[in-house]
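Notes to accompany the following structure.
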Amino acid sequence: MMESPFKSDIFMNRVALVTGGSSGIGFEIARQLGLHGARVAVSGRRQDVLDTAVAALGADGITAVGLQGDVRSAASCEAWIDSLKQRWGPGLDVLVNCAAGNFLATAEELSPNGFKTVMEIDALGTFNMSRAAFPALRASRCPHGAAIVNISATLQYGATWWQAHASAAKAAVDSITRSLALEWGEFGVRVNGVAPGPIEGTAGMAKLAPGAKEMVQSTIPLRNQMGRKFDIAMAVVFLASPAAAFVSGDTLVVDGASWMWRPQL
Ligand code: HXC
């Protein structure tokens, strides 16, 4: 078990919602917010996966609830906020937009609906959830303001093979991060992003680079090692915490310097 460098009560009396929080990176983010004192809600499409996640969070001593639905539906997002309001009161302190969809496809073979699906999960989903949560985020009583953290990627810096859909979607997510930071700053809502690089044990790595662990690791300058879900969760904890009280509109790359890698001359 990795040990957090942050105090364990920094999110005491805080409420956090993590979309896509029932598995993968989203689950570890929810877990770490919970281990630092927050009550956490995780959203996802599959009730059985949510139930398993909530039970696992509970086993770690975290107060958690599962919210079933789809970020592509504004009605789902609004219903989740209503249900949190009834359960834990009007304020939301931390929103993490982590729900994402992805697969490898050449641009030629990618169907218009495939492109649209990933755009809708990542970009529209981030907008829908943030928009639905805004009144609750404004109602946060957190002295250093409420925080949104959008989980992005580095695919869209330059270009990535067979990722036309996900790259476009994550570029849109980064743009939404900046726009919301601009508009919601006056209400004390900070909006930032985290851009993970290759993270071991994730659906993203299994789908996007199956069997290519050695090759991927050889392009990661920092110790030639992939990141851990814990590394992404720590970046989110930092951005949601008072340590980042004056940070807004930024996306923090957490990738061991891999996106800028070039072969030695
Ligand atoms: C080509 C595909 C496809 C595939 C789906 N589609 N999977 N096309 N290759 N492997 C197409 C379908 O044919 C269809 O188009 C359209 O997408 C919608 O498919 P549905 O199955 O109806 O959609 P839905 O179930 O709503 O979503 C599918 C999904 C999603 C996007 C694959 O289920 C998903 O991604 N779930 C897993 C989440 C995940 O992997 N998260 C990790 C993200 S990693 P047609 O034309 O046939 O109707 C990430 C960061 C990357 O985001 C960074 C890594 C370094």
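How big is the charge dipole of the stretch 11-53 about its Cα centre, in debye rounded to the nearest 20, if each Lys and Arg gets +1 on its Cβ and each Asp and Glu gets -1 on its Cβ?
Here the stretch 11-53 has a charge dipole of around 120 debye.
Collect residues whose amide H, placed 1.01 Å from N in the peptide plane, falls under 5 Å from the amide H of Val194; neighbours closer than 5 in sequence don't count.
Result for Val194 returns Asn150, Ile151, Ser152, Leu252.
With unit charges on the beta carbons (Lys and Arg positive, Asp and Glu negative) and the dipole taken about the Cα centre of the stretch 102-176, which residue among Thr106, Ala132, Ala159 sits farthest to the positive side?
Ranked along the dipole, the leading option is Ala132.
Based on DSSP H runs of at least 4 residues, each adding -39500 (n - 2.57), what is the mean residue ellipticity at 222 nm of the chain after dividing by all its residues, to the nearest 500 deg cm²/dmol?
On the way: 9 runs with 107 residues, N = 265.
It lands at -12500 deg cm²/dmol.
Taking the Cα centre of the chain as origin, work out the dipole magnitude from +1 charges on Lys and Arg Cβ and -1 charges on Asp and Glu Cβ, in debye rounded to 20.
On the way: 22 positive and 22 negative charges, 61 e Å.
Rounded to the nearest 20 debye, it is 300 debye.
Cα-Cα over 30 Å: which of Lys7/Lys116; Lys170/Lys213; Lys85/Lys207; Lys170/Lys229; Lys7/Lys207? Can you show the working numbers first?
On the way: Lys7/Lys116 41 Å; Lys170/Lys213 23 Å; Lys85/Lys207 36 Å; Lys170/Lys229 19 Å; Lys7/Lys207 35 Å.
As for pairs spanning more than 30 Å Cα to Cα, those are Lys7/Lys116; Lys85/Lys207; Lys7/Lys207.
Between Asn113 and Ser83, what length in nm is gained on full extension when 0.36 nm per residue of separation is reduced by their alpha carbon distance?
Working: separation 30, 0.36 × 30 = 10.80 nm, distance 3.14 nm.
7.7 nm is the gain from fully extending Asn113 to Ser83.
Arranged by the count of other C-beta atoms within 10 angstrom, fewest first, what order do Trp161, Trp184 take?
Ranked by crowding around the Cβ, least crowded first: Trp161, Trp184.
Among Thr63, Thr19, Thr126, which comes first, second and so on when ranked by fewest other beta-carbon atoms within 10 Å?
Result, fewest neighbours first: Thr63, Thr126, Thr19.
Dipole size in debye (nearest 20) for the stretch 118-265 around its Cα centre, Lys and Arg Cβ +1, Asp and Glu Cβ -1? Mind showing how you got there, number by number?
Numbers: 12 positive and 10 negative charges, 38 e Å.
For the stretch 118-265, the charge dipole is close to 180 debye.
For the chain, treating each Cα as an identical point scatterer without solvent, what Debye log10 I(q)/I(0) comes out at q = 0.08 1/Å?
-0.29
Net charge near Gly145: determine it from the other residues with C-beta under 12 Å of the C-beta of Gly145, scoring Lys and Arg +1 and Asp and Glu -1.
+2
Given R₀ = 25 Å, what would the calculated FRET efficiency be for Ala209 paired with Ala56, taking r from the Cβ atoms and rounding to 0.05?
0.40
For the residues Ile176, Ile232, what sequence is obtained by ranking on other C-beta atoms within 10 Å, fewest first?
Numbers: Ile176 22, Ile232 28.
The most exposed by this proxy come first: Ile176, Ile232.
Rounded to the nearest Å, what's the spacing between the alpha carbon centres of the stretch 99-146 and the stretch 214-232? Just the number, please.
Taking the Cα centre of the stretch 214-232 as reference, the centre of the stretch 99-146 is 26 Å away.
Considering only the other residues whose Cβ falls under 12 Å of the Cβ of Met205, what net charge follows from Lys and Arg at +1 and Asp and Glu at -1?
Result for the neighbourhood of Met205: +3.
In a shell of Cβ-Cβ distance under 14 Å around Gln217, excluding Gln217 itself, what net charge do Lys and Arg (+1) and Asp and Glu (-1) give? Working shown, then result.
Values: positive: Lys213, Arg223, Arg228; negative: Glu200, Glu214, Asp255.
Around Gln217, the charge tally is 0.
Values quoted throughout were computed directly from the atomic coordinates according to the rules given, and no laboratory measurement underlies them. Since we're looking at a predicted model, the values are computed, not measured. Neighbour counts run over all protein chains shown; Cβ positions are idealised from the backbone, glycine included.
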